[in-house]
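Notes follow once the structure below has been shown.
Values in this text are rule-based calculations from the coordinates and carry no lab data. Note that the coordinates shown come from a computational prediction; the quantities given were computed from them, not determined experimentally. As a convention, Cβ positions derive from the backbone with ideal geometry for all residues, glycine included, and neighbour counts pool all protein chains shown.
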């Protein structure tokens, strides 16, 4: 069935360093890939997304890359700050339903 | 518009009782989704609506679960005869197709079955 694998499950970085989270999807029909940030006790918040016709997208300190051939996509956070500490989820979906298949999450801790 | 609203935020119930959750999507969003999230896991798809029509249900949605969106606006998710395994965060999301595909999530309803 459809599956999204996410690594690492936990990530600790020093403030100011970069963080990279990687995901792999199984359904070759997937064409939309959002990333969500979830803080404790809150719902997921969309932070960036990418569609299959684009290889890279950047928004200030956050960037996402997509390799359709390898079915990989990654989140890059530069100049990390303590407020970036949260759980990050990748997801994949296909045209039509747009239901999301989520990864298992990465707990990012930015150390001051 | 204040985003997707879910009520209640927390619900504690005894095993065997019925519970109902409500979701108010972003105004004019025609798609509404329900997900379930257990501790340490990503959200899992349960069901979605296009306006008032329920278009897909996951196998996770047992016969004890029912969702409605009677007028194509707010939605309710009911769980009958709750079990301890139903304890989870229930998330609602909405989007507008075909205008965009981004889904915006509510804060969720945390259910604890004791």
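Things worth noting here:
- Here each label is just a point 7 Å from Cα along the line to Cβ, and for residue B:74 and residue A:62 those points are 3.0 nm apart.
- Of the residues A:4, A:54, B:113, the one with the fewest other Cβ atoms within 10 Å heads the list, and the complete ranking is A:54, B:113, A:4.
- Most mobile listed residue (A:39, A:15, A:83) in chain A, GNM with C-alpha springs under 10 Å: A:83
- Nitroxide proxy distance, nm - points 7 Å out along Cα→Cβ at residue B:66 and residue B:13: 1.3 nm
- Selected from A:92, A:19, A:29 as most flexible by GNM, with chain A as the system and alpha-carbon contacts under 10 Å: A:29
- Within the listed set B:73, B:95, B:58, the residue fluctuating most in the Gaussian network model of chain B (springs between alpha-carbon atoms under 10 angstrom) is B:58.
- Legend: Rg and Dmax of chain A, from Cα coordinates, 13.4, 43 Å.
- Placing pseudo-labels 7 Å out from each Cα toward the beta carbon at residue B:20 and residue B:84 gives an inter-label distance of 2.9 nm.
- Cβ-based exposure ranking for B:29, A:7, A:76, in which fewest neighbours within 10 Å come first: A:7, A:76, B:29
- Among A:35, B:34, sorting on how many other beta-carbon atoms sit within 10 Å of each Cβ, with the fewest leading, yields A:35, B:34.
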